[in-house]
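The values are calculated or read from the model by the stated rules, or taken from the named source; none is laboratory data. Just so you know, these numbers come straight off a predicted model, no measurement behind them. Counting neighbours? That spans all protein chains shown, and the Cβs are built from the backbone with ideal geometry, glycine included.
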Amino acid sequence: MWRLLPLRARLSLLLGMMFVVAVLLGLTALQIFATEQMADESGPAARSARAVADALNASLQTSANPRQTLDAFAGALGTSETIQFRPVAPVAFSEQPVETRDPHGMAPRWFTDLLEIPQIGKSFPVMVEGKHVGDIVFSPDVTWEIYEKWIGFLAIIVAATILTLTTGIIAHFTVGTALRPLEHLAAGLTRMRNGDYSRVIPVAGPPEIRRSCEQANDLAQRLNALSIDNRDLLHKIVSLQDDERRDIARELHDELGPLLFGIRAGAIALRDSTGGGNDALDASVENILQSVESLQQANRRILDHLRPLYIQELGLMKTIETFLQNTPASGIALTSRIDARLDELEGPLSQTVYRVIQEGVTNALRHARASSIDVKAALDDQIVIIEVADDGIGFTDVKFGRGLTGMHERVRALSGTFEVLHEAGNSVVRCRLPVVAAASESGPERSDGNRAGS
């Protein structure tokens, strides 16, 4: 529970606990010291009452008319509330309770009960001719003492409240000045994790946090430089791969194509020269022709896989549709939505779009065991969005083999993003390619290609 609380809530809880502890300590101190203090404060008055009782008894012993003297004394004490004369009651003196006045009225009852007011009243006997005729009763009024303690307790509450609120406000703003830079730092680290190194983390807060922000910004600059270098390296690797594919395709087309055509022509000439009189020879010639035709078809498939030669002639949209139409997908519903504006793309970007779709569809056909494959390619606000989704068995263990690695490298080389995820019951390969970044990076490549072509 404590670990789930934010920092401000923790501080508020601690300050609240401190306030409660301060109140409890104040009540405990009042309970411990107030009883003894009230007893000590009533001590001189009790001794005065005893002195009055002793003086009255002495006067009565020497008076010629003790009853008259006693009545005069009682009349004189009639205005006093603390020391009074009480005539003897039917009960014995030792059984007469002597209590203080009711202290309630100026302080709450729970507070008065909490103080445990002691029995501080006193009673002293008055004797006339050896008979107990009454008592000098000391009955102090502790209402104002209790009210004084109540005011002191309220002062403790007010002081603790003001101190707690002041400390809480100071802690709130102090924590805020530290949390905001930490939130900026956390957001910056999240952007760095996602590959965004362009935004600078604001340097603010205490010196320790400022140093962390400066170090994070320095790390972002270094990672940005490494990312640019890696992207350039990937772009060169992809360009070299495309050059190698083009060279291999040219070799296959220029060397293997004529050889297969020559074999086919020779086999046909051999068949025509025999005149159809040798069945065994005719069967062998037909086998050779079928094998040559299979080799020519395989050669065309390899050439199409190595280099889509029709992008410049047909456009990217038509080339993708031709690939999807010629893809063997027996029993699989293959649907596509290709944006016609993709024909505006050129260079490595158009080749990357074609390769991603080609490899995504090929992987789905080989491994997904799907009944339907949906291909989307659209241009949205200078961003090319490509999706290849299937309803197959999904990616039980996503490992980047040659196909996924090749797509990922091509996308990264053009500053794009590449994702393999599971959405709405379908396995989806999605990538986004910025047109502006790809165009700026393809400029040198086109000039190199022109030099190579010349």
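Out of L189, L219, L185, one residue alone is closer than 30 Å to G416 by Cα, over 22 Å from the mean Cα position of the chain (by Cα), outside the structural domain of I83 (by TED's automatic domain parsing) and at pLDDT 80 or above. It is L219. Kindly indicate the residue of segment 1-36 that is within 17 Å of the chain's Cα centre (by Cα) and among the aliphatic types (A, V, I, L, M) and also nearest to V175 (Cα to Cα) among those meeting that condition. Checking each candidate, the answer is L7. Only one of the listed residues (I320, I393) is crowded, with 19+ Cβ neighbours inside 10 Å and either in a helix (DSSP H, G or I) or under 39 Å from the mean Cα position of the chain (by Cα) (or both). That residue is I320.
In segment 1-25, the residues that are within 25 Å of L115 (Cβ to Cβ) never reach a residue that is in a loop (DSSP other than H, G, I, E, B) and modelled with pLDDT under 80 with C-beta atoms less than 6 angstrom apart, at least six apart or across chains.
Residues in segment 117-133 that are touching a helix residue (DSSP H, G or I) at 6+ places or on another chain (Cβ under 6 Å) and at pLDDT below 75 were compared, and the one that is nearest to G43 (Cα to Cα) is I120.
Scanning segment 362-382 for residues that are hydrophobic (A, V, I, L, M, F, W, C), under 36 Å from the mean Cα position of the chain (by Cα) and either outside any helix (DSSP H, G or I) or farther than 16 Å from V420 by Cβ (or both) gives V375, A377, A378, L379. For residues in segment 309-343 being at pLDDT 85 or above and charged (D, E, K, R), which is farthest from R246 (Cα to Cα)? In this case the residue turns out to be R337.
Each row is one residue, and each column tells you yes or no for (1) outside the structural domain of K236 (by TED's automatic domain parsing); (2) of a type outside the set (S, T, Y); (3) without any contact (Cβ under 8 Å) to a residue 40 or more places away in the chain; (4) in contact with a strand residue (DSSP E or B) (Cβ under 9 Å, 6 or more places away or on another chain).
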residue: V292; (1), (2), (3), (4): no, yes, yes, no
residue: N299; (1), (2), (3), (4): no, yes, no, no
residue: D339; (1), (2), (3), (4): yes, yes, no, yes
residue: Y354; (1), (2), (3), (4): yes, no, no, no
residue: D390; (1), (2), (3), (4): yes, yes, yes, yes
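Might you check whether a residue that is touching a Lys or Arg at 6+ places or on another chain (Cβ under 6 Å), in the same structural domain as F124 (by TED's automatic domain parsing) and either under 30 Å from Y147 (Cα atoms) or modelled with pLDDT under 75 (or both) occurs anywhere in segment 18-28? Within segment 18-28, none of the residues are touching a Lys or Arg at 6+ places or on another chain (Cβ under 6 Å), in the same structural domain as F124 (by TED's automatic domain parsing) and either under 30 Å from Y147 (Cα atoms) or modelled with pLDDT under 75 (or both). Taking the listed residues A53, A34, A89, the one that is out of contact with any helix residue (DSSP H, G or I) (no Cβ under 7 Å at 6 or more places or on another chain) and modelled with pLDDT of 70 or more is A53, with no other qualifying. When you look at D282, is it in contact with a Lys or Arg (Cβ under 7 Å, 6 or more places away or on another chain), at pLDDT below 80 and part of a helix (DSSP H, G or I), yes or no? So D282 fits the description; yes.
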